[in-house]
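Chemist: This structure is in structure tokens; I'll ask about it shortly.
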Amino acid sequence: MAGGILVGVLVLFLVWAVLSYNGLVRLKHELARAWSNIDVLLKQRHDELPKLVEVCRQYQQFEVATLTRIVEARGRIAQAREALDVDALGQAETSLRADLGRLFAVAEQYPELKADARYAELQQRIVALENAIADRRETYNDAVTANNVRVEQFPDTVIARLFRFDTRSPLRFTSAETRDVDLGKLFR
């Protein structure tokens, strides 16, 4: 009788361990998929930005410093993407978004540029990509939260430590990203 109870407890433990492990594996893959979705959009935007910069450059008096900052931020984003450095990506994204806001605000002063069909199309495409990135960032951060809770929650933490499932950092942008833009300052 005692042997049957011991076997039953071992079977229950084994079932729990397998279910816990499989749940952690599922979360790991959901996290990878969420990151991949962000990565695809970042690559698309990465490909569109040089086109936008080139259209703006054709208007010779256009603000060169803003265009330079956009190109530099684009490079930092590419490096962070390749290194899978979420913190560096967040910082570079914040910088790029601020400079894109500045670029679009400064472009208002150039009626010929605003009327340029290529500029309008690229601006709409980049704004749509920005919105999609924000949506995917939310999905990624939800996956990070689900992963981190499971990895840190007892008794799953036992399996997580045993098989080296780690917590992840959410994709965050700095406070500069979330505060209101002073459009008046951008036009000065």
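Chemist: Using helices alone, what [θ] at 222 nm do you get for the chain, with -39,500 (n - 2.57) per DSSP H run of 4 or more residues, divided over all residues and rounded to the nearest 500?
Modeler: -28000 deg cm²/dmol
Chemist: Among 6-12, 36-42, what's the highest-first ranking by average C-beta atoms within 10 angstrom per residue?
Modeler: Output ranking for 6-12, 36-42: 36-42, 6-12.
Chemist: Okay, next question. By how many nm would the segment from Gln109 to Leu84 grow when fully extended, if each residue of separation counts as 0.36 nm and the alpha-carbon distance is taken off?
Modeler: The span from Gln109 to Leu84 would gain 5.2 nm if fully extended.
Chemist: Still on this structure, I have one more. Could you derive backbone 3J(HN,Hα) for the stretch 18-28 from the dihedral phi with the Karplus parameters 6.51, -1.76 and 1.60 (θ = phi - 60°), listing whole Hz in sequence and x where the residue is Gly or Pro?
Modeler: Running phi through 6.51 cos²θ - 1.76 cosθ + 1.60 with θ = phi - 60° gives 5, 5, 5, 4, 4, x, 5, 4, 4, 5, 4 Hz.
Chemist: Same structure, new question: Between Arg118 and Thr145, take the C-beta separation as r, use R0 = 35 Å, and let me know the FRET efficiency to the nearest 0.05.
Modeler: So the FRET efficiency works out to roughly 0.30.
Chemist: If packing is taken as the average count of other Cβ atoms within 10 Å, what order do 72-83, 140-151 fall into, highest mean first?
Modeler: Per-residue mean Cβ counts within 10 Å order the peptides as 140-151, 72-83.
Chemist: Related question: Indicate the gyration tensor shape class of the stretch 28-73 (rounded, prolate or oblate), computed on the Cα atoms with a ≥ b ≥ c the square roots of the eigenvalues: a/c under 1.5 is rounded; otherwise a/b larger than b/c is prolate and the rest oblate.
Modeler: prolate
Chemist: Which one is right for this structure if semi-axes √(5λ) of the Cα gyration tensor in Å is calculated from it: (i) 49, 14, 12; (ii) 26, 20, 15; (iii) 36, 17, 13?
Modeler: Evaluating semi-axes √(5λ) of the Cα gyration tensor in Å on these atoms matches (i).
Chemist: Using Cα atoms only, what is the angle between the long axis of helix 64-83 and the major principal axis of the chain, expressed in degrees (0 to 90) to the nearest 10?
Modeler: Helix 64-83 sits at roughly 20 degrees to that axis.
Chemist: Still on this structure, please answer the following. Given Cα pairs under 8 Å that are at least 6 residues apart, what percent is the relative contact order of the stretch 38-187?
Modeler: It comes to 31 percent, rounded to a whole number.
Every number in this text was worked out from the coordinates using simple rules, so none of it is lab data. Nothing here was measured: the structure is a model prediction, and the numbers come from that model. In this analysis, Cβ positions are derived from the backbone assuming ideal geometry, glycine residues included, and neighbour counts consider all displayed protein chains.
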